[in-house]
Amino acid sequence: MTQARGCWPLLAALTALPGCFSGLNSNTPAPQRYVLQAQLTSAAAPARSAASVQVLRPSAAPGLAGSGIAVLRSGSRLDFYRNADWAADAPVALQGLVIDALRTAEGFATVESDSGPFAAQYVLSLDLEHFEASYEQAGPPTVQVTLICTLGRRSDRSVLVSFTAQGTARADADRMQAVIAAFERATSEALSQVAQSVVPPAVGPAQP
């Protein structure tokens, strides 16, 4: 009798196995991961400086630090698209794009991330304030991207310039591909402002 009673947990576990494996054939679509891209244009800088700048990983507003694609609904409710994510956490993706934008602008001799092995003369800190698709109005969402940027000198920790770079773009349709395209347009607009404003002090801003 003792041996028979000992078999019951095993039989119960085997009976439950089909239910456990049924999820493998689920009709739920696999999550899609999207790479954030941007259109970067080189600025006509008067001269290339020998200065170096380090771009810090952005600090993110609540809800924007992960890889979820954020949605702002009526009543200031923060949500995320189902079965859709960025290929990297949003701050990491934007840090890489800011580095690419400054390298494309060619104002600095070197532009590195905060994980680079070399100490830079200047440091660019970033705060990610907005990076979401807003459904607060009827129709397709409007994407808002906002970066608070501060450029400082490493040697004495003095602030040289602080500004807000922002971009907005309304999706052409309420479909994921159209929303991603709106994110890219809004991000490109913000990056253009970063590239124009973050220049070596010895060079100064480019003349039109």
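Coordinate-derived values only; no laboratory data. On a predicted model such as this, the values are computed, not experimentally measured, just so you know. Using ideal geometry, Cβ is built from the backbone for each residue, glycine included, and neighbour counts are taken over all protein chains shown.
Translational diffusion of segment 48-197 was estimated from the Stokes-Einstein equation, with Rh taken as the Kirkwood radius over Cα pairs; at 37 °C and 0.692 mPa s the coefficient is 205 µm²/s.
Note on segment 154-196: semi-axes of the ellipsoid equivalent to its C-alpha gyration tensor, largest first and rounded to whole Å, are 32, 9, 7. Here the extension length gained between ASP114 and LEU56 equals 20.4 nm, from 0.36 nm per residue of separation less the Cα-Cα distance.
When +1 charges are put on Lys and Arg Cβ atoms and -1 charges on Asp and Glu Cβ atoms, the dipole computed for segment 48-197 relative to its Cα centre reaches about 180 debye. Fully extending the segment from ARG77 to ALA30 would add 14.4 nm, taking 0.36 nm per residue of separation and subtracting the current Cα-Cα distance.
Modelled spin-label separation between ALA178 and ALA138, with each label point placed 7 Å from Cα along the Cα-to-Cβ direction: 1.6 nm.
Segment SER162..THR41, full-extension length gain: 41.4 nm, with 0.36 nm per residue of separation and the alpha-carbon distance subtracted. Take 87-98, 149-160 and order them by the average number of nearby Cβ atoms within 10 Å per residue, most first; the result is 87-98, 149-160.
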